[in-house]
Amino acid sequence: MSKSKFSKFGLLLTLLVVVVLAAPSAIAQGPEYITYNSMHGDPIPRAFDQETVAMWNEANPLMPVEHSIIAHEDFKQAIRAYLTAEPAPDVLTWFAGERARFFIDKGLIADISDVFEEKGFNEAYAPGFVALASVEGKQYFLPTSYYWWAVYYVPSVFEKAGITQVPQTWDEFLGACDTLNAAGITPITIGTRYPWTAAAWFDYLNMRINGPEFHINLMLLKESYTDERVKAVFEYWQQLFDHNCFIEDAAAYAWQEALTPMTEGTAAMYLMGQFILDSYPDELEEDLDFFRFPIIDPAVPVGEDAPTDGYFMAAGARNLEGGKEFLAFIGSQEMQQKAFDELGRLPTRVDVDVSGASPATQKGIALIQEADYVAQFYDRDTTAPMAEAGLNGFAQFWSDPSSIDQILEDLEAERLRILEETAE
């Protein structure tokens with residue numbers, strides 16, 4: 001082979017090697033690629049996540065997603081580093097409520113109001129979830145799945161006591177407690193060994209009395225715990241003790257252990273999340289139902305606890321526009337329908353067909369979708385130090401309901417301490 005032919009051959013071979021080496025990178029990382037960090041590491045959610053990315057990449061070869069799955073606990077530890085990186089990942093999984101609000105307030109989560117507007121999410125998503133996604137009228141979080149809380153009860157026990165319909169108002173609720181007590185049945189069971197179960201009572205009473213807006217502002221430390229409105233929450237709570245509504249010695253039980261009186265027919269109700277079914281005997285589930293926490297003031301907007309997971313865009317994202325398109329794909333009717341059908345994830349959209357679900361699931365979805373606001377839970381809606389102080393205060397109230405004023409003074413002192421510390 002002549003030198004000139006060899007040179008031409010060498011040049012051709014070099015170009016061929018460059019093309020071959022570049023090809024996989026172009027497929028995996030196109031010029032407008034999107035980075036997506038997920039904490040869906042368990043086998044079934046992981047497989048669904050991978051399928052979601054594969055569907056997107058097949059339809060968008062020039063704007064593929066570079067997908068990273070990080071173990072759940074590692075993700076929670078690393079998220080601050082992700083969001084302050086330059087550039088940050090484009091799309092990330094996370095929790096709604098204070099967990100997201102913390103980063104929103106620091107300017108680390110991008111405004112995605114244009115996605116909600118252009119994709120019709122303001123209408124397609126239930127009102128409570130649009131409110132949950134919003135801060136000062138702008139949307140920052142895409143809620144996609146949740147579980148509900150409600151008052152679970154045993155219909156046969158209600159029937160035995162002569163209660164023909166579930167209580168819808170506060171007076172009816174107290175009346176049901178009186179009727180159950182007269183029949184020798186404990187009205188409400190609860191295990192407060194770990195006092196997060198008591199926090200649900202505070203959440204609901206505060207939302208029913210003062211409204212979800214006041215409740216969330218209190219969680220964000222914008223309202224005082226010594227406000228008369230907060231004291232009213234404990235005064236209504238006191239009424240439940242006055243009517244002997246609760247099981248005796250609740251602090252002796254973990255929440256699962258407190259199910260036993262219900263399964264044995266000696267207690268009637270339990271304020272609990274949908275996950276109660278994970279610990280309730282399968283053979284008894286047909287005799288288990290739930291109802292909305294009773295209305296106290298009909299003029300107050302209805303708030304519900306429904307811890308919610310979803311997605312957001314990092315403010316420091318490299319591909320902000322591409323990430324928004326991927327976010328819109330994740331939040332589409334098609335993908336929420338797929339998540340509901342294949343994983344049983346409860347949809348935040350109102351246009352997902354849930355007709356194939358159990359009556360209980362359809363009822364729970366309706367309960368949340370009809371709410372004016374969807375809160376998370378006390379320890380998800382406020383800061384970690386305030387949550388710890390609050391849970392301790394609720395436990396103290398449970399053991400001594402007469403100590404309301406001291407509890408509120410202690411909680412207010414902690415709120416002010418946290419605000420002073422964060423201001424420094």
What accessible surface, in Å², does a 1.4 Å probe find on Tyr194, ignoring ligands, DNA and RNA and rounding to the nearest 10? 130 Å²
In degrees, nearest 10, the alpha-carbon axis of helix 228-242 is tilted away from the dominant principal axis of the alpha carbons of the chain by 60 degrees
Signed unit charges on C-beta, dipole axis of segment 175-311, positive-most listed residue Ala254, Phe241, Ser224: Ser224
Can you give the extra length, in nm with one decimal, that the chain gains between Thr226 and Lys106 once fully stretched, where that is 0.36 nm per residue apart less the Cα-Cα distance? 40.4 nm
What does the accessible area of Asp105 come to, in Å² to the nearest 10, when a probe of 1.4 Å is used? 100 Å²
Using a probe radius of 1.4 Å on heavy atoms only, what accessible surface per residue do you get for the chain? Whole Å² is fine. 46 Å²
5 angstrom amide H check on Glu66, placed H, neighbours 5+ away: Ile34, Thr35, Tyr36
Dipole magnitude of segment 169-245 about its Cα centre, charges +1 at Lys/Arg Cβ and -1 at Asp/Glu Cβ only, in debye to the nearest 20? 280 debye
Largest first, how would Glu136, Glu342 line up by accessible area (1.4 Å probe)? Glu136, Glu342
Accessible surface of the chain, 1.4 Å probe, proportion on carbon and sulfur as whole %: 53 percent
Which value, in debye to the nearest 20, gives the size of the charge dipole of the chain about its Cα centre, when Lys and Arg are +1 and Asp and Glu are -1 at the Cβ? 2100 debye
How do Ser399, Ser134 stack up against each other in accessible area, from largest to smallest, with a 1.4 angstrom probe? Ser399, Ser134
Under 18 Å from Lys106, Cα to Cα: aspartates and glutamates that are on another chain or at least 8 residues apart: Glu86, Asp90, Glu98, Glu136, Asp381, Glu420, Glu421, Glu424
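The values are calculated or read from the model by the stated rules, or taken from the named source; none is laboratory data. Here the structure is a predicted model, which means the values were calculated and not measured. FYI the Cβ positions are ideal-geometry reconstructions off the backbone, even for glycines, and counts take in every protein chain you see. Ligands, DNA and RNA are excluded from the accessible area calculation, which covers all protein heavy atoms including side chains. Shrake-Rupley method; radii C 1.70, N 1.55, O 1.52, S 1.80 Å.
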